Every structure is written in structure tokens, then in C-alpha cells.
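To start, the structure under review is shown below, and the notes come after it.
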Amino acid sequence: MKKQLLAVACLGLSFLGNAQNTATLQADSGKVTINKHIYGHFAEHLGTCIYGGFYVGENNTKIPNKDGVRLDIIDALKKLKIPNLRWPGGCFADTYHWKDGIGPKAQRPAMVNTWWGGVTEDNSFGTHDFLNMCELLGTEPYISGNVGSGTVQELKDWTQYINLGAGTSPMSKLREQNGREKPWNVSIWGVGNEAWGCGGNMTADYYANIYRQYATFMAGTDKKGLFRVASGASDADYKWTETLMKNIPHNMLEGVAIHHYSVLSWGEGQKTSATEYTDKEYFKTMQQALLMDELVTKHSAVMDKYDPKKKVALVVDEWGGWYNVENGTNPGFLFQQNTMRDAMIAGATLNIFNNHADRIRMANLAQVVNVLQAVILTKEEKMILTPTYHVMEMYNVHQDATLLPIKVKSNDFVFEGEKLPAVSVSASKDAKGLTHISLTNVDPKNPQEITIDLKGAKYVSVSGRILASEKLRDFNSFDNPNKIQPKAFSGATISGNQLKVKLPAFSVAVLELK
Ligand code: AHR
């Protein structure tokens, strides 16, 4: 009898250990739009993001290009539906003098890119090149102004050069002389970058005053108002956010930024390898990535104190995994490979952003081509799409859709006594009435089955795609560019008001319900 009781107790315990993941979807309670700008990207004058990445030069006969911009990259990013592109930095932005990058290319002055590799910047890719490229991409430009080493006049002139109608000012006349009559009407502007660090090592109080001064003189567009983003906090610096929210009048502030990278240590060469990381390093990277939820929750709570109606957006304009550079590459160029670990960061982070869409209305993955957690890597005429690209492409169904509340009870991903939720989920309903659910299982060893209770709608069918691979450390290489790509997914079934999903270990799935 004792033996039997023990067996029953053990069975109970093992059942508890493998408890089912559960969730409840409220399909009729959507109130908030997932702003498409959450799916934004970032292109800095850093390493081979611009030069040798996007821009191969007008005289390049080997790589098909338009005005020097590679067309294969344009095509790939169009498929991604990138809503905005941030430029020219990053740290570079606060050293950039835009007038050096206009006019005949041969006459443009050169400078040293002091932040990134100490290389010579010849200014051959400037304002016209960037804004025309954004038109080609069908994306909104997001320009970071130079506050750290620039002047109020310089930023004022830049906004006038870009935004004022033909013939209305000396700056718009200069633009016309350089071959562009119509203004570009750029709405999204960053007022400096990382003002607490590479943007000038300012205190929050000092920067709040400087912000007010710069923002006063920026010229708007004739189409829509300016969307000005204050240089925000690093990670958990809630005091920084509080100071900006308190001291900057909200009629001159549309967004406050934060930056958070999934990095294990900031020392040079002390991060993890991009491809040969240990199980522990994987767990720690995921811990950093999932920390985003706590960070945005707490920054939002600070903002709520000063802006309960949530008029000012939280803008996560730098996020992603940051590792050691690939062997043999310039340490200042931040070139790293991209494995299934990066797909996990992307899937989990985008779920966090979607679920916080009431306050997060813009975000920018760092960075788009050849730098950090890139969606595209290039090597001469070759180009590959990374696992992160595929996640961003699968998730783009959420852009401008209505967020559907979903409550998830997840199993733990346990490592050496520490734990993280294994499964993250977000859901939305698009303009055509289709419901999409994105799910990420960051557990590297255990598949996860999740049962979702579907409330407030009757669904009859489910289809989907999945990104998975044999090994966690797999990546797409120039020799094997399609090793990892989305495939049709048959692991989801609907019965009555229950959706059951079987997620393999370290996988990302996006489902469509009708
Ligand atoms: O994305 C690389 C760098 O990280 C950016 O230039 C800077 O803003 C941040 O520190």
C-alpha cells in the first residue's frame, strides 16, 4: 500500500514538472494598435553597414545598384516591410555634420569616424543618398540630429533643408541647387543619441534643457507634425526617464528613447562568441533579452506618472544581441554572425513590444546590415538573410493590427537553478479580420505544448509557419545561405474553442486563424 501511494505521488510530481503551458486569448477585447514603427531598423555609419553594405558606389558594375545602393538589399527589406530606418547613428550621429555630405561628391570633406574603427569617412553617402534610398525602400526616415558636437543652428538648418517647400528659404534653395526640388517631409527626428554617454556625457537635467532648446527651432513638415525623440536612458536608468518626463513640456516631446542590448559583459573581447556560445551563455543572453519586459514595464510606469494618457511614446530605438566580432574582422566594425539564438531574441522581444503597444510605439533593431544583430549580411556580391530577418518577416503581420490581449502561463526554462519563462506569445487582429498569434519557445532542449483558450470569437481553421533548425548554434552562411528559413507548420490544431500548439525546442511560429 505504502509503495502504491509513493508511486501515485511520484506520478503527480512528474505531471506537475511537465505542466502544460496555457493561455487565454480575448479575441473581442482589442483596443490598442500595434504601431508598425515597432518593426523599425537602424543604419549607422559603422563598419560595413553603409559603405560596403547598402552603398557600393555609383561606379560599381559587379553589384546591381541604383545610385550606388544595392538592389538586392532593397528587395529584401521591401519584403520585410520595414516601416522606418534610423540614420546616421548611434554614436556617429553626434559627430556628423550634415553639410559635409551634400553637393558634388568629389568636393566633400573627409573626417575620421572616431567611434567606429578610426576609419576615414569620405561623406560620399549623405542626406540625399539616404533620403532617396528611403523613398526606394518605401520606408520613413528617422534622422538622429547632432546635439553632442553640433549646434542649434546646424540642426535647424538640416530640418529646413529637408522639410521646407521649394523656394521658401535659403536652405530649401540650397537643396534645389543640389538637385532636389520637393522636400522629403521627414517627421521622425532624434534630438541627439545616448546623451548620457557617447552623445556628450551629459547629466539628465542638463540634457533636458538642451533638448528644449534644440526642439524649439526644428522645422516641421507641411504634411504632418514632427515626431521628436529625446535621447533616452540606458537599460534600468529610470531616473533619466523621470527627469525628461518632468522637465520637458509634453507639447514639444513625442517620444522618449531607451536602449537595451542583450550583452553579457561590455569589456572588449569579453562578450560571447556569436556562434560558439556555451549553454550557460545562451541562458544568460536570454535572461538579458527577457529583461526587456521588466525594463519597458518600469519605464512605462514612470512615464504614466507624468503622462497618464500615454501621449508620449516609449521608443526602444536600439535593441538586439551584442557579441564578440567575428575572427579577423575589425573590432570597431561590430560584424557578428546570427544563429537561432538571435531568432529567439527577436521572437521574444517582439512579443514583449507587441504586448506593450499602448506605450511602445516605435523600436529599432540594431542594426540592419552587417552590424550587430543584422537581418542581412553581405560579402562582396553575396548577400544572406539571417534567422533574425525571417522572424521579422514572419512577425510583420502584426504591423498596424489591433493587439489582442493574451494571458500566458508558461513552463520554466531552467538552467543551473535559475529559470525563465520558456514560451512567450502575442496576438493581433488585422484589417482583414485575420487573427495572428506569434509564439517563441526559448527552451533549447524541451519542446513545449501550449493550449490556448479562444474567447470571444469562433475560429474554424489554423495555418502557420515555423522557424526552427536542427541545432541551436546553426546559422546561414555564404556557402549555405538557406539552411534556416521558415517552413509550413502543421503543429497547431483547433478543436472547439481550444487551440493546441506543439512548439519544438528553440523555435518561433506565427499562426493565422480564421
Ligand atoms: O549600435 C551601436 C552603438 O550602440 C550605437 O552607436 C550607440 O548608440 C550604442 O551605444
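The values are calculated or read from the model by the stated rules, or taken from the named source; none is laboratory data. If you're wondering where the values come from, they're calculated on a predicted model, not measured in any experiment. Note: ideal-geometry Cβ built from the backbone for every residue, glycine included; neighbour counts use all protein chains shown.
Taken as a whole, region 238-252 holds no residue that is in contact with a Pro (Cβ under 8 Å, 6 or more places away or on another chain) and either at pLDDT 95 or above or of a type in the set (S, T, Y) (or both).
In the condition set (1) farther than 22 Å from I188 by Cα; (2) away from the ligand (no atom under 12 Å from the Cβ); (3) surrounded by fewer than 23 Cβ atoms within 10 Å (Cβ to Cβ), R70 is compliant with all but (3).
Annotation note: of A431, A363, the sole residue that is among the small types (G, A, S) and within 23 Å of the chain's Cα centre (by Cα) is A363.
Flag not set for Q213, criterion: touching a helix residue (DSSP H, G or I) at 6+ places or on another chain (Cβ under 9 Å), within 18 Å of L365 (Cβ to Cβ) and not in a loop (DSSP other than H, G, I, E, B).
Under the condition of being farther than 13 Å from N35 by Cα, out of contact with any Pro (no Cβ under 8 Å at 6 or more places or on another chain) and crowded, with 16+ Cβ neighbours inside 10 Å, the residues counted in region 399-410 number 3. Restricting attention to region 129-153, the residues that are in a helix (DSSP H, G or I) and surrounded by 18 or more Cβ atoms within 10 Å (Cβ to Cβ) add up to 6. Within region 92-102, identify whether any single residue is within 16 Å of the ligand (Cβ to nearest atom), part of a loop (DSSP other than H, G, I, E, B) and either touching a strand residue (DSSP E or B) at 6+ places or on another chain (Cβ under 7 Å) or without any contact (Cβ under 8 Å) to a residue 24 or more places away in the chain (or both), and answer yes or no. No, every residue in region 92-102 fails to be within 16 Å of the ligand (Cβ to nearest atom), part of a loop (DSSP other than H, G, I, E, B) and either touching a strand residue (DSSP E or B) at 6+ places or on another chain (Cβ under 7 Å) or without any contact (Cβ under 8 Å) to a residue 24 or more places away in the chain (or both). Out of curiosity, is L404 at pLDDT 95 or above and within 16 Å of the ligand (Cβ to nearest atom)? No: the conditions fail for L404. Of the residues making up region 474-514, those that are surrounded by fewer than 15 Cβ atoms within 10 Å (Cβ to Cβ) and at positive phi number 1. In the set (1) under 30 Å from T243 (Cβ atoms); (2) within 16 Å of the ligand (Cβ to nearest atom); (3) buried (at least 19 other Cβ atoms within 10 Å of the Cβ), W158 fails one condition alone, (2). The strands (runs of 3 or more DSSP E) falling completely within region 275-385 that include 1 or more residues that are farther than 30 Å from G68 by Cβ, within 16 Å of the ligand (Cβ to nearest atom) and touching a residue at least 24 places away in the same chain (Cβ under 8 Å) map to 313-321. Scanning region 262-296 for residues that are of a type in the set (S, T, Y) and surrounded by fewer than 13 Cβ atoms within 10 Å (Cβ to Cβ) yields S265, T278. Scan region 21-50 and report the pairs whose first residue is part of a loop (DSSP other than H, G, I, E, B) and whose second residue is of a type in the set (D, E), with Cβ atoms within less than 9 Å and a gap of 6+ or a chain change. If the second residue must be of a type in the set (D, E), the pairs left are K31/D358; V32/D358; I34/D400; N35/D400; H45/E121; I50/E44; I50/D129. Within the option set M362, M344, being under 28 Å from V312 (Cβ atoms), buried (at least 24 other Cβ atoms within 10 Å of the Cβ) and modelled with pLDDT of 95 or more holds for one residue only, M362. When region 104-141 is filtered for residues that are out of contact with any Phe, Trp or Tyr (no Cβ under 7 Å at 6 or more places or on another chain), within 16 Å of the ligand (Cβ to nearest atom) and touching a residue at least 24 places away in the same chain (Cβ under 8 Å), the ones remaining, listed by number, are G118, V119, E121. Scanning region 167-211 for residues that are among the charged types (D, E, K, R) and within 16 Å of the ligand (Cβ to nearest atom) returns a single hit, E194.
Considered as a group, the residues in region 237-267 that are out of contact with any strand residue (DSSP E or B) (no Cβ under 6 Å at 6 or more places or on another chain), within 16 Å of the ligand (Cβ to nearest atom) and of a type outside the set (V, I, T) include one that is farthest from R359 (Cα to Cα), and that residue is G267. All told, W189 falls short of being part of a loop (DSSP other than H, G, I, E, B) and touching a strand residue (DSSP E or B) at 6+ places or on another chain (Cβ under 8 Å).
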